[in-house]
Amino acid sequence: MLVLDGFPIATGFGLFLFGTGRPILAGIGIAALGFGLGLADTMKRLVLREPVVFADRSELFEVIRHPRFYLAFIGTGIMVAGGALILAVVLALAWAEPPLWAWTTGGTVVRLVIAATLGRLAFVLPSRLPLQPRLQSLYESWKPSRDPETDIARFGLLATVIMHATIARGERPARRAAAIARGLPSLPAGQGPIILWQAESFVDVGRLDPDLADRLPNLARLMDGARLRGRLSVPAWGANTIRTELAAVAGIGPDLLGLDRFNPYDAFARTALPSIATQARAAGYRTVCVHPYSRSFYARDTVMPCLGFDCFIGIEAFRGAELDGGYVTDMALARFVADLVAKEGPGLFVFAISIENHGPWDTMHDGRPPAVLPPAWAALSDAAQIGRWLRHIEATDAALSPLREAIERLGQGWLGFYGDHHPGLAGPFLAPGAADGRTDYFLWQAGGAPGETVDCAGEELPARWLSLMR
């Protein structure tokens, strides 16, 4: 087990040394990478309440492709200064430390290419037959708990990452088959337009503080008249929207995902899966997903067709739209969806993924004043961030009005709404009653009689909604 935890370090040092011929530089380089991994693990535990996991490897590519989502949390100045410092140290060591063998430009380029190729092979080969099942059998003989916290304490961070990645890869086909076999209830035709809205970092603030009970009038109205409403247990806190997203659209939660629960879009959901969209399409609906951001973020452009969406609309449809905090506003998204309903009529199912209330709330803002906070919240150290979050919550509430009106104009239809996770803030979100991390949802039908309050898990939402339509 200790060998497995140290294998990436030894391999990395060997490849670095082979490519540069400088052992001190190689050692410092590997130590720096280890420090960076440890720092990432510490920050993730503080912000998201979980350690680094194997699925976080995909985050490395997202940082490069979508840096604003990550640099905003760390600070662009810190990243630039840190990068410049690392580059300066590397260049200084490369100049000061004599290589172990004669240096030529051509030879160094060849060695670097070979080192990169060997590194790639070391990463890829364990996933290839016949190594994959043999390694999986070996790792499972050690009886890992499949809980990152427990296994990291027992085996070490790198060993846990390797084990979990291998086990997840081996289990994935069977878990996919189980999700497909379970399926979802059919959707009866003639329901009118159906809108499902995923609200970024949304929680009903009225249940967090009585002084805020009147801040969300549209939510209150739709909750009161909903066929079903309640609190929603979601598999994320502070981030990782896609976990809740897959649960609410496809009914696939942590139990079915296994180790793929940390990032279900990284591999698990890249094949055809049953969802509320597939059921709507089978009933004759045109299925559309709208997300006013890059379509490639978290590979949604690959995943959404697998979940049954005929069309996926991204940021390209929102050029010139109103922004707040650097993101397309919920009102702009709601008006876009309402226009879709007006144009396409009752045979439309649309899933809207909002983004306005994405953090961080200390840097991602346009200088607009935060919402007025109740006295208990105003005294908190992060009151300004909470005030900005609350302003966006109120904007989300306002966006519910054009959605409801679009459905009512056609005389029939459904509006489903849920929060994806709590914001990555402290204060009231860590207070008693909020620590369970549940958000809120409702399923409202135009002209439908008010129904009951039922708390449920996010993965139960599709089946409950489809059954309600029968």
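The values are calculated or read from the model by the stated rules, or taken from the named source; none is laboratory data. Please read these numbers as outputs of a predicted model, since none were measured by experiment. Every residue, glycine among them, receives a Cβ derived from its backbone with ideal geometry; neighbour counts consider all protein chains shown. When the accessible area is computed, the model is the full protein with side chains, heavy atoms only, and any ligands, DNA or RNA have been set aside. Shrake-Rupley method; radii C 1.70, N 1.55, O 1.52, S 1.80 Å.
A compact table of results
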read-out: Close pairs from the range 321-349: first farther than 28 Å from ARG281 by Cβ, partner outside any helix (DSSP H, G or I) and open to solvent by 50 Å² or more (accessible area, probe 1.4 Å), Cβ under 6 Å, at least 6 apart; value: GLY325/HIS365; THR329/GLU322
read-out: Count of the range 268-293 residues which are open to solvent by 20 Å² or more (accessible area, probe 1.4 Å), in a loop (DSSP other than H, G, I, E, B) and closer than 19 Å to ALA181 by Cα; value: 4
read-out: Number of the condition not met by LEU373 [criteria: (1) over 19 Å from the mean Cα position of the chain (by Cα); (2) more than 24 Å from ALA398 (Cβ to Cβ); (3) assigned to a loop (DSSP other than H, G, I, E, B)]; value: (2)
read-out: The range 423-470 - residue that is small (Gly, Ala, Ser) and under 18 Å from TRP377 (Cα atoms) and, of those, surrounded by the fewest Cβ atoms within 10 Å (Cβ to Cβ); value: GLY433
read-out: Subset tally (residues that are touching a helix residue (DSSP H, G or I) at 6+ places or on another chain (Cβ under 8 Å) and touching a residue at least 60 places away in the same chain (Cβ under 8 Å)) for the range 165-186; value: 13
read-out: Flag if PRO402 is at pLDDT 90 or above, within 19 Å of PRO292 (Cα to Cα) and out of contact with any strand residue (DSSP E or B) (no Cβ under 7 Å at 6 or more places or on another chain); value: yes
read-out: Within the range 8-49, considering residues that are within 20 Å of ARG146 (Cα to Cα) and open to solvent by less than 30 Å² (accessible area, probe 1.4 Å), the one modelled with the lowest pLDDT; value: LYS44
read-out: Residue within the range 351-361 that is assigned to a loop (DSSP other than H, G, I, E, B), surrounded by fewer than 20 Cβ atoms within 10 Å (Cβ to Cβ), within 27 Å of the chain's Cα centre (by Cα) and among the polar types (S, T, N, Q) present; value: no
read-out: Residue list for the range 364-407, filter: in contact with a helix residue (DSSP H, G or I) (Cβ under 9 Å, 6 or more places away or on another chain), open to solvent by less than 50 Å² (accessible area, probe 1.4 Å) and among the charged types (D, E, K, R); value: ASP382, ASP397, ARG404
